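Taking it in order: structure first as structure tokens, then the write-up.
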Amino acid sequence: MERVLRNSRVLVTGGAGFIGSNLVESLLNDGNQVVCLDNFSTGKRENLKGFAGNPAFQLIEGDIRNYADCEKAAANIDVVFHQAALGSVPRSIKDPVTSTDVNIGGFVKMLFAAKEAGVKRFIYAASSSTYGDHPDLPKVEDKIGSPLSPYAITKYVDELFASNFAAGYGIDVVGLRYFNVFGRRQDPDGAYAAVIPKFVKMLMKHEIPLINGDGSVSRDFTYIDNVVQANQLAATVSQKEALNQVYNVAHGERTTLNQLFSTIRSLAGKYDKEILSIEPVYGPAREGDIAHSLASIEKARRLLGYSPKLNVAEGLEEAVNWFRNNL
Ligand SMILES: NC(=O)c1ccc[n+]([C@@H]2O[C@H](COP(=O)([O-])OP(=O)(O)OC[C@H]3O[C@@H](n4cnc5c(N)ncnc54)[C@H](O)[C@@H]3O)[C@@H](O)[C@H]2O)c1
């Protein structure tokens, strides 16, 4: 059986968001007391509706940029799962000030409040964007290039702070560099929506998706359950050498945007044949984007025991089904 955290008091920041709400669900199912800190800037109340009324769940509506909110949320917590941040490379190019305030300022406040409260372990959402312009594929944790966006800078700076806090204050930290996560409860709407929920929703409405560039850009798309597994393993790993590290969290499989589009179209087309004839349109490539991304997951396998369960095709099938029933 997989290692999971049980009977602990945990804090999930950004718990009303896509990844955070999936973590909250899993941690509650395993018998933990879960506090969620969120300001609902991109998260949604409906993502929490399954937990409302659960006595093991507590919502603190607050902001990680406010130290008092961080202090309140960190009180009596064993493990923090820090997910709150402003995602999206384009958002950070448009408004680097707010992304920096939240992703660095808020990160340090939450980390310091956790350390002051005596939290044992701080697990945080890092990002594959940290690899920047490094050309190697697959990406290996200790070989990073120059960051290509303000977002990537913020996520790298967080890693530096985490490692400094581990060395200086002795708090255990684990950074999980997520690679393009997808699945249930991911937001399909808005200017900064991720490609998978956006394509699914547009196809279901018979709209024509836009692919940025020629569709040859590739990513290591990672199903949400694999991300939840990595967090659970990071929370429960006991060997010292596995702590104060960063890990790639991915499937280790590369898919181009063109392949992704075709797979989603055939999955959604099973339920609505008209979808099968929709062709995408192509636009300019996006600024700040890495051309190709593929993770080595060897380090997470070796030190955490990570073993992703669903590959891209299997994850997409579950995701398309979920969106069909929930959009
Ligand atoms: N989704 C991905 O593919 C991916 C990839 C790499 C890294 N990440 C990281 O994973 C984490 C979760 O991402 P997600 O996709 O679930 O995004 P999301 O936008 O769905 O969730 C982020 C949550 O943080 C909350 N939040 C934002 N600013 C806040 C603030 N100042 N105070 C309190 N709460 C705040 C939002 O309201 C939201 O609920 C982020 O740190 C993100 O950078 C995500």
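Annotations
- Helix-only CD estimate at 222 nm, as mean residue ellipticity for the chain, using -39500 (n - 2.57) per DSSP H run (n ≥ 4): -10500 deg cm²/dmol
- DSSP bridge orientation in the stretch 126-267 - percent antiparallel, rounded to nearest 5: 20
- Centroid-to-centroid separation of the stretch 1-54 and the stretch 83-131 [C-alpha atoms, Å]: 18
- Descending semi-axes in whole angstrom, ellipsoid equivalent of the chain, from the Cα gyration tensor: 31, 22, 19
- DSSP bridge analysis restricted to the chain gives an antiparallel fraction near 5%, rounded to the nearest 5.
- Overall, the ratio between the Cα radius of gyration of the stretch 185-230 and 2.2 N^0.38 Å, rounded to two decimals, is 1.31.
- Computed from phi, the 3J(HN,Hα) profile of the stretch 249-260 under the Karplus parametrisation 6.51, -1.76, 1.60 (θ = phi - 60°) reads 10, 7, 9, x, 8, 10, 10, 7, 4, 5, 5, 4 Hz, with x in place of Gly and Pro.
- Cα gyration tensor, the stretch 42-197 - rounded (a/c under 1.5), prolate or oblate: oblate
- Gyration tensor (alpha-carbon) shape descriptor, the stretch 9-84, a/c threshold 1.5: oblate
- Straight-distance candidates among the aspartates and glutamates for linking to K240, with alpha-carbon spacing under 20 Å and chain neighbours fewer than 8 residues away dropped: E2, D78, E141, D142, E159, D172, E298.
- Applying 1/(1 + (r/R0)^6) with R0 = 56 Å to the Cβ-Cβ distance of D30 and K270 gives a FRET efficiency near 0.95.
- Where GluC sites (Glu not before Pro) fall in DSSP loop in the stretch 1-58, at most 14 other Cβ within 10 Å: E2
- Accessible area per residue in Å² at 1.4 Å probe, computed on the chain: 42
- Phi-based couplings in Hz for the stretch 228-237 (Karplus 6.51, -1.76, 1.60; Gly and Pro marked x): 4, 4, 4, 5, 4, 5, 5, 6, 10, 5
- In terms of distances greater than 22 angstrom between alpha carbons, the cross-link table entries K115/K155; K201/K270; K94/K155; K44/K299 yield K44/K299.
- Taking the protein heavy atoms of the stretch 263-327 in the context of the full set of protein chains, the accessible area attributed to carbon and sulfur is 49 percent at 1.4 Å.
- Each peptide in 6-16, 258-268, 235-245, 70-80 was scored by the mean count of other Cβ atoms within 10 Å over its residues; highest first, the order is 6-16, 70-80, 258-268, 235-245.
- Between Y282 and E298, the simple spin-label model (points 7 angstrom out along Cα→Cβ) gives 3.5 nm.
- In straight-distance terms, cross-link reach from K49 covers every one of the lysines whose alpha-carbon lies under 20 Å from its own, apart from those fewer than eight places away in the same chain; here that gives an empty set.
- The stretch 120-177 shape via C-alpha gyration tensor axes, a/c threshold 1.5: prolate
- Helix 150-169 and the longest principal axis of the Cα set of the chain meet at an angle near 20°.
- For L203, net neighbour charge (Lys/Arg +1, Asp/Glu -1) across residues whose Cβ lies under 14 Å away: +3
- Long-range Cα-Cα pairs in the stretch 202-327 (distance over 24 Å), rounded percent: 41
- Hydrodynamic radius by Kirkwood, which averages 1/r over all alpha carbon pairs of the stretch 166-256, in angstrom: 15.5
- Set of aspartates and glutamates with alpha-carbon distance to K273 below 16 Å, sequence-local pairs under 8 removed: E207
The values are calculated or read from the model by the stated rules, or taken from the named source; none is laboratory data. Because the structure is a prediction, the values reported are computed rather than measured. Using ideal geometry, Cβ is built from the backbone for each residue, glycine included, and neighbour counts are taken over all protein chains shown. Areas reflect the complete protein model, heavy atoms only, side chains present, ligands, DNA and RNA absent. Shrake-Rupley method; radii C 1.70, N 1.55, O 1.52, S 1.80 Å.
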